[in-house]
Amino acid sequence: MSGLDEPIHLSEYDPQWKELFVMESQRISRCVPSGVKIEHIGSTAVPQLLAKPIIDIMLGTEPHQKCEARASLLGLGYEDLEEAGVPGRIYLRKRIGGDFNVALVTRGGPLWVTNLALRDYLRTSPNARQEYTRIKREAINIGIGSLLAYSDYKSAVVSRLIADALERQRP
């Protein structure tokens, strides 16, 4: 996964991130199979949340659409990093003409459900946003400056926030 690691920095929330998502999702939607669902996920999808200024996009496909969607993204200039340590997800990124990550997953599958649950929980819970912001700042303040170390540092908090988010969805 050495090709996956990259330097990171954090930015305060920028309302322009939503516009960047809309523009890139329109670009993507013209190339991927009909019926692929596109969602803005990650910290840039959550107002008031500190974030890496990279727009995270999740594409939900039916299993038979994955190869075509993947090829379409390559045609749009995305770099294919395969599963990048997350089974069931194809991870692609683009760093020219904007900073975007794409998670290609099965629509309705565990990764689809988990990513949307976390996003929605962070959007609606000031306490969750505050806790997530705290661990992000802490990582930067102790000198973490690469993606893999940053992700590892905050993983326990992210796992707990995901568990809380999924618990809130139970009837």
Restricting region 27-56 to residues that are of a type in the set (Val, Ile, Thr) and in a loop (DSSP other than H, G, I, E, B), the one nearest to the chain's Cα centre (by Cα) turns out to be 54
Taking the conditions exactly as written (of a type in the set (Lys, Arg), within 27 Å of residue 47 (Cβ to Cβ) and either in contact (Cβ under 8 Å) with a residue 24 or more places away in the chain or in a helix (DSSP H, G or I) (or both)), does residue 134 satisfy them or not? yes
When residues of region 119-155 are limited to those that are among the small types (Gly, Ala, Ser) and more than 24 Å from residue 3 (Cα to Cα), the one surrounded by the fewest Cβ atoms within 10 Å (Cβ to Cβ): 125
Filter region 67-98 for residues that are buried (at least 17 other Cβ atoms within 10 Å of the Cβ) and among the charged types (D, E, K, R) and give the result. 70, 89, 93, 94
Residue within region 105-115 that is surrounded by 15 or more Cβ atoms within 10 Å (Cβ to Cβ), in contact (Cβ under 8 Å) with a residue 40 or more places away in the chain, farther than 24 Å from residue 153 by Cα and touching a Lys or Arg at 6+ places or on another chain (Cβ under 6 Å) present: yes
All but one of (1) touching a residue at least 60 places away in the same chain (Cβ under 8 Å); (2) outside any helix (DSSP H, G or I); (3) at negative phi hold for residue 24; which doesn't? (2)
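Specify the residue that is surrounded by the fewest Cβ atoms within 10 Å (Cβ to Cβ); the eligible residues are those in region 6-51 that are of a type in the set (D, E, K, R) and within 24 Å of residue 62 (Cβ to Cβ). Outline the logic, then answer.
Of region 6-51, the ones of a type in the set (D, E, K, R) are 6, 12, 14, 18-19, 24, 27, 30, 37, 39.
So of that shortlist, the ones also within 24 Å of residue 62 (Cβ to Cβ) come out as 24, 27, 30, 37, 39.
Numbers: 24: 21, 27: 14, 30: 9, 37: 15, 39: 20.
Residue satisfying both the conditions and the ranking: 30.
Taking the stated definitions as given, is residue 81 out of contact with any Pro (no Cβ under 7 Å at 6 or more places or on another chain), in contact (Cβ under 8 Å) with a residue 60 or more places away in the chain and more than 21 Å from residue 38 (Cβ to Cβ)?
Numbers: out of contact with any Pro (no Cβ under 7 Å at 6 or more places or on another chain): yes; in contact (Cβ under 8 Å) with a residue 60 or more places away in the chain: yes; more than 21 Å from residue 38 (Cβ to Cβ): no.
So residue 81 does not fit the description; no.
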The condition from (1) free of Cβ contacts under 8 Å to residues at least 60 places away in the same chain; (2) on the phi > 0 side of the Ramachandran plot that residue 65 misses is numbered (2)
Identify the residue in region 84-104 that is in contact (Cβ under 8 Å) with a residue 40 or more places away in the chain, assigned to a strand (DSSP E or B) and of a type outside the set (S, T, N, Q) and, among all such residues, is nearest to residue 21 (Cα to Cα). 100
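Name the residue, out of 122, 59, that is closer than 18 Å to residue 44 by Cβ, in a helix (DSSP H, G or I) and of a type in the set (A, V, I, L, M). Before the answer, list the steps.
Numbers: 59 fails: in a helix (DSSP H, G or I).
The match here is 122.
Every read-out reported here was derived from the displayed coordinates using simple, explicitly stated rules and does not represent laboratory data. Bear in mind the structure is a predicted one, so any value in this text is a computation, not a measurement. Neighbour counts run over all protein chains shown; Cβ positions are idealised from the backbone, glycine included.
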